[in-house]
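See below for the structure under consideration.
The values are calculated or read from the model by the stated rules, or taken from the named source; none is laboratory data. Worth saying up front: this structure is predicted, and the values here are computed from it rather than measured. As a convention, Cβ positions derive from the backbone with ideal geometry for all residues, glycine included, and neighbour counts pool all protein chains shown.
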Amino acid sequence: MIFNLNDTVLYSTHGVCKISEIIKRQVNDKLIEYYVLKPIFDKKSTFYVPVNSKKATAKMRTTLSAEEIYDLLESLPDIDTEWIENNNARKERFSQIISNGTSEQLLRLIKTLYLQQQEQNDNGKKLHITDERFLKDAEKMLYGEFAYVLNMEHDQVLPMIVKYIETT
């Protein structure tokens, strides 16, 4: 996918970024073109993504529209959870979703882990630390996108999503 200057994208686990520049740099006798990404919610960071690297640009995607977000939330009650009992298989699958997942897959992951966390709490237990990390990463990615697109605060996103989860 080709991105343009000033496009707003989601970049891996780094969240919502704006393409502030497209520059060329000399690297080992090659002139390489880069997208310069500035995170919206972390003004101190900058990421350089090689334009011609399919692996690197695969971690970038355009943000959803407000309509797409609300459609996704409306579909949340019908989104099946994806709990995997085997720790290693679960870790591998959840890692794939964090690395390359769509917004729907991230929302499914959040719903799955949220419901698992509720079940664990009801039994006087906690969510496994690895699953907590996946939940935090998925939340960071999705909540940042939702907050940015819907022009709301980060802390308003979770209650909105929980409302949709609890209607299932």
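The set of residues in segment 123-146 that are without any contact (Cβ under 8 Å) to a residue 12 or more places away in the chain and of a type in the set (G, A, S) contains only G124.
Within the span defined as segment 89-104, one or more residues are without any contact (Cβ under 8 Å) to a residue 40 or more places away in the chain, over 28 Å from I22 (Cα atoms) and under 11 Å from the mean Cα position of the chain (by Cα). One residue alone among R61, R25 is within 20 Å of D137 (Cβ to Cβ) and out of contact with any Ser or Thr (no Cβ under 6 Å at 6 or more places or on another chain), and that residue is R61.
Quick check: anything in segment 83-97 modelled with pLDDT under 90, in the same structural domain as V157 (by TED's automatic domain parsing) and not basic (K, R)?
no
Counting only strands (runs of 3 or more DSSP E) that fall entirely inside segment 14-72 and contain at least 3 residues that are of a type in the set (K, R), the qualifying elements are 15-27.
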